[in-house]
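In what follows, a structure is listed as structure tokens, so that the remarks can point back to it.
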Amino acid sequence: MLTILWIQLKGILLQKWTGQAGWFGLFKAGDKWDLFVSSGRVSGFSDNVWKKILSLDLNPYVSKKIIGLPDFGDDGTTLNGLVFKSENRVFPLGAGKDIGCGFRVLHVPRNKVDIEKIEREYQFFAKNITSYKPGTTLLDEEIEQIFYSNSDRPSLIKQEEVKLSFGRIGKGNHFIEFRTIDIKDQLAAKKLGFETGDIIIHIHSGSGLFLEYMILKYAALFNNNRGYQNAYELHFPFENCLIQQFLADAERCLQVSIANRNALERLIIEWIGSAIRVLDVSHDVIEVEGTTVHYQKAVQRYSEYKGLDIAIIPTTIEEQSYLVNRTGHFSFVNHGSGEGEEGDTQNIGSVKTNFDKTSSRTFFGINDSLEIATRNAWYKIICNLNPWICIKNFNEW
Ligand SMILES: Nc1nc2c(ncn2[C@@H]2O[C@H](COP(=O)(O)O)[C@@H](O)[C@H]2O)c(=O)[nH]1
Ligand SMILES: [Mn+2]
């Protein structure tokens with residue numbers, strides 16, 4: 001039964017696709033999906049991606065308008081670039097396991113940058129923020145505040161473990177990058193106070209390994225040996241007691257992530273002297289509004305800064321990133337152009353890094369994303385961000 005429906009859905013999607021002119025398009029399936037993906041990406045969808053699309057499409061609790069952004073792809077459990085909402089039902093893995101993970105962007109005007117100092121000291125700084133920092137940047141009262149200011153529901157989070165991942169970047173995709181600005185839209189850049197030669201610092205950091213484990217612990221509790229492989233098959237009534245506790249902990253993950261980016265920002269400013277915060281946005285989000293639950297998995301929203309709605313689109317270590325300005329009514333932005341933990345080893349080119357082992361991840365080119373965004377008038381590029389220094393955590397965890 002499921003197989004027939006799945007083939008049918010695939011058929012509908014492909015039919016919609018062939019109805020479109022050009023090599024990119026907007027797919028619609030069963031009235032629910034707006035999938036902004038290039039044909040190249042669609043033809044590469046694995047059976048697992050189709051199964052995940054199908055299970056959301058058929059689920060009566062999932063409301064209309066499921067959005068798939070241009071960086072839509074499978075992260076192994078969930079779908080990146082996905083926005084959806086459910087009514088009276090909660091999908092504990094709807095936003096993945098690193099809830100709260102997000103980007104923070106800082107700006108340093110060129111007359112405030114000591115390039116030589118940064119180049120001289122970044123290795124030392126990298127060592128500091130990739131090693132254990134048990135509690136050095138977080139007081140017990142601050143943890144209490146994060147944990148219990150929004151809910152007094154019990155928690156699976158162990159406070160001592162949170163301290164261990166505080167003031168540091170986690171493994172995997174997380175990074176702190178220093179990039180130089182190359183202006184593309186003079187007017188917008190002027191509004192932001194950006195000039196060529198200024199520096200952008202891009203922090204990508206999540207809730208930390210222990211909180212990711214905690215979300216997986218909930219998933220195991222909910223899964224209860226039923227052996228679900230597809231995260232979207234796992235869903236429970238909104239009023240379920242454990243689900244309510246999970247939602248409180250998901251909110252705590254969000255707060256811990258933001259607080260950790262605050263700590264990293266403080267550490268950077270202590271090191272280089274000054275930096276101006278431009279944006280902070282979480283891209284793995286569960287948000288509750290009454291009994292409606294909103295999920296964003298690897299999806300950004302714009303952030304207001306000096307009268308403009310802006311977002312940053314990263315690509316890879318050695319390629320340009322982009323700071324963009326919203327021009328249309330569409331509220332979401334892809335969070336990057338990469339997916340997956342496998343693939344060819346990336347060349348880090350001339351970028352200064354704290355590691356000699358390169359990451360091995362598959363990254364899709366940014367061109368599809370830019371083309372689809374341009375055609376749909378979603379945003380305009382304010383400036384290219386040129387690679388300079390990339391700090392990653394290749395330690396144990
Ligand atoms: N500029 C860099 N971009 C990177 C790097 N590693 C990954 N990425 C991009 O960021 C997003 C975010 O990843 P996620 O873990 O939140 O899914 C990813 O899609 C890539 O486009 C990097 O080292 N530098
Ligand atoms: Mn992330």
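None of the figures in this text is laboratory data; all of them are computed from the coordinates on show. Just so it is clear, the structure is predicted and the values come from calculations on it, not from any experiment. Cβ placement follows ideal geometry from the backbone for every residue including glycine, while neighbour counts extend to all protein chains displayed.
Things to note:
- In the chain, the DSSP-assigned H stretches of four residues or longer account for a calculated mean residue ellipticity at 222 nm of -10000 deg cm²/dmol, using -39500 (n - 2.57) per stretch and the full residue count as denominator.
- Screening the chain for whole DSSP H helices of 18 Å or more along their axis (Cα) with average Kyte-Doolittle hydropathy at least -0.5 returns 2-18, 209-223, 241-272.
- Computed from phi, the 3J(HN,Hα) profile of region 314-327 under the Karplus parametrisation 6.51, -1.76, 1.60 (θ = phi - 60°) reads x, 10, 9, 4, 9, 9, 5, 9, 9, 9, 10, 10, 4, 10 Hz, with x in place of Gly and Pro.
- Sorted from longest to shortest, the spans of the Cα atoms of region 141-245 along the three principal axes equal 55, 37, 27 Å.
- With q set to 0.09, 0.12, 0.15 Å⁻¹, the log10 of I(q)/I(0) for the chain, from the Debye formula over equal scatterers at the Cα positions, is -0.54, -0.97, -1.48.
- Other residues whose C-beta falls under 11 angstrom from the C-beta of Gln229 contribute a net charge of +2, scoring Lys and Arg +1 and Asp and Glu -1.
- Reciprocal of mean inverse Cα separation for region 204-299 (Kirkwood radius, Å): 15.4
- Residue-span extension gain [Arg226 to Glu195] - 0.36 nm each, minus C-alpha spacing: 5.6 nm
- Cα-centred dipole magnitude for region 241-312, charges only on beta-carbon of K, R (+1) and D, E (-1), debye, nearest 20: 160
- Per the Cα gyration tensor, region 68-151 maps to an equivalent ellipsoid with semi-axes of 34, 23, 14 Å, ordered largest to smallest.
- Unit charges on C-beta of K, R, D, E only; dipole of the chain, Debye: 580
- Using R0 = 41 Å, the C-beta based FRET efficiency linking Asp356 and Glu239 works out to 0.20.
- Links that overshoot a 28 Å alpha carbon limit, given the list Lys112/Lys191; Lys117/Lys171; Lys97/Lys127; Lys52/Lys127: Lys52/Lys127
- For the listed peptides 221-229, 328-336, a ranking on the average number of other beta carbons within 10 Å per residue, highest first, reads 328-336, 221-229.
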